[in-house]
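Beneath this line is the structure, given in structure tokens, with notes to follow.
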Amino acid sequence: MASAAVHKLLHHERSHPDDQRDESPQPDPHELDAMERVRDDEKRMLSQWEDTKRPLSPTQMHGDASRKIVGHSSRVLRQQDFELIKTLGTGTFARVWLVSLASPKDGAATKVFALKILRKVDVIRLKQVEHVRNERNVLARVAGHPFITTMVASFQDHDSLYMLLDYCPGGEVFSYLRRARRFNEPTSQFYAAEIVLILEFLHESEGVAYRDLKPENILIDAQGHLKLVDFGFAKKVDNRETYTLCGTPEYLAPEVIRNTGHGCAVDWWAFGILVYEFLVGQPPFWDQNPMKIYEQIVEGRVRYPSAMSADARDLIAGLCTVDTSKRLGNIQGGARTVKEHPWFRNIDWDALYHRRVQGPIVPHLRGPADTRNFDEYEPEPEGREEYSADMRDRWDECFKDF
């Protein structure tokens, strides 16, 4: 951990140049040396994490945050500590890069990560401050889960927020599903079971509703297991209801569309839609007009292809139930009622959690930095709005968790 003097220096380092005055004291060379030692220690820890990562139990994930090797807020990391290799994805206020440690030591040259960079100006302009805070804090809490993207660390500088994540070179499940048109039943069962373990943990250990379950938000790692990403809509709701309209039209639960208040039950509805899409190749409710989709969802009448097994139909019907008090996963017993459904009769849940079961789709990779499963993106535009001193005074307190 950094000393108080180093923390003071780091705060000074993040100050905007406009704030500096000629009479400002110069940093003590000893403090600079101490800061560099702390930074080197952290980079060494990052280079070793990939070799020792393994699923943590819920108890370990809820342990002392300062002792966790993942999920922590770093006061020493900076963008210059990483080499930007290639853009993996972009959003309205974020860009995700494949990165490696700059100036690697101790054989760390092949250690790669995904670095999510969020410009503070864009986060504020698009009114995403609360969503970004939720995402960072939820990811910090769940870091170490075998099927959730691991936020190794977060940090910030004057202009941007950063989340350093594990890299999943397999790309989106969506891409594999489109190429295959549909998954066979064993593949669907395997991936659905990993998602059940994710939802069980988020709902019952964390009280968190994910609220954006869809194939595009599920990546495949190098071993063929799933990783749930993009927690921008995730929210800690516990037993309360929330009213924010968010999600993807085909996956929205009826209670979200009706704006009657919703909780974790929305994820079990979306899970039913996802299982259907795995097996059929498209979601059950679809129209070019989103309003027509909403009408179909509220009606809640799922049409099943004749080739779908009786157990799969029964599972989807239990999940895609308009009445939340009767929805599988939300009834008494929670996720256990889903895990005990006959469709999952061949799943060894303990072996699955500890990743002792081989994934059905293992990506072919040239190495840890292979990006063939990701699209090409345009470079970042130039001449973007600056994060002003007024903005900093008003908003930096909101970003203190980073």
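When only residues in segment 235-261 that are within 15 Å of the chain's Cα centre (by Cα) and either crowded, with 20+ Cβ neighbours inside 10 Å or not basic (Lys, Arg) (or both) count, which is farthest from Phe190 (Cα to Cα)?
The selected residue is Lys235.
Listed by position, the helices (runs of 4 or more DSSP H) contained in segment 107-187 that have at least 1 residues being closer than 30 Å to Asp311 by Cβ and hydroxyl-bearing (Ser, Thr, Tyr) are 173-180. Look at Ile198 and say whether it is closer than 27 Å to Phe344 by Cα, aliphatic (A, V, I, L, M) and in contact with a Gly (Cβ under 6 Å, 6 or more places away or on another chain). When the stated conditions are applied, Ile198 does not pass them. Listed conditions (1) under 30 Å from Asp393 (Cβ atoms); (2) basic (Lys, Arg); (3) at pLDDT below 95 are all met by Arg178, apart from (1). For segment 54-63, the count of residues that are crowded, with 16+ Cβ neighbours inside 10 Å, closer than 24 Å to His131 by Cα and at pLDDT 90 or above is zero. Evaluating Val173 against the criteria (1) more than 27 Å from Val112 (Cβ to Cβ); (2) at pLDDT below 95 leaves one unmet condition, (1). Of the residues Gly272, Gly232, Gly224, which is assigned to a helix (DSSP H, G or I), under 22 Å from the mean Cα position of the chain (by Cα) and under 30 Å from Arg355 (Cα atoms)? Being assigned to a helix (DSSP H, G or I), under 22 Å from the mean Cα position of the chain (by Cα) and under 30 Å from Arg355 (Cα atoms) holds for just one of Gly272, Gly232, Gly224, which is Gly272. If you go through segment 366-374 one residue at a time, do you hit one that is in a helix (DSSP H, G or I), touching a Pro at 6+ places or on another chain (Cβ under 9 Å) and of a type in the set (Ser, Thr, Tyr)? No.
Could you tell me which residue of segment 355-371 is modelled with the highest pLDDT, considering only residues that are within 16 Å of Pro146 (Cα to Cα) and loosely packed, with under 13 Cβ neighbours inside 10 Å? Per the criteria, the residue is Arg356. Of the numbered criteria (1) modelled with pLDDT of 70 or more; (2) of a type in the set (D, E, K, R); (3) part of a helix (DSSP H, G or I), the one Glu31 fails is (1). Just one of the listed residues (Pro342, Pro379) is more than 30 Å from Leu126 (Cβ to Cβ) and out of contact with any Leu (no Cβ under 6 Å at 6 or more places or on another chain), namely Pro342.
Among the residues of this structure, Glu382 counts as one that is outside any helix (DSSP H, G or I) and either closer than 27 Å to Gly91 by Cβ or within 23 Å of the chain's Cα centre (by Cα) (or both). Number of residues in segment 275-327 that are in a loop (DSSP other than H, G, I, E, B), surrounded by fewer than 12 Cβ atoms within 10 Å (Cβ to Cβ) and among the small types (Gly, Ala, Ser): the value is 2. Quick check: is even one residue across segment 182-195 crowded, with 17+ Cβ neighbours inside 10 Å and within 16 Å of the chain's Cα centre (by Cα)? Looking for residues that are crowded, with 17+ Cβ neighbours inside 10 Å and within 16 Å of the chain's Cα centre (by Cα), one finds at least one in segment 182-195, hence yes.
The values are calculated or read from the model by the stated rules, or taken from the named source; none is laboratory data. Just so we're clear, the structure is a prediction, and the values are computed from it rather than from any experiment. In this analysis, Cβ positions are derived from the backbone assuming ideal geometry, glycine residues included, and neighbour counts consider all displayed protein chains.
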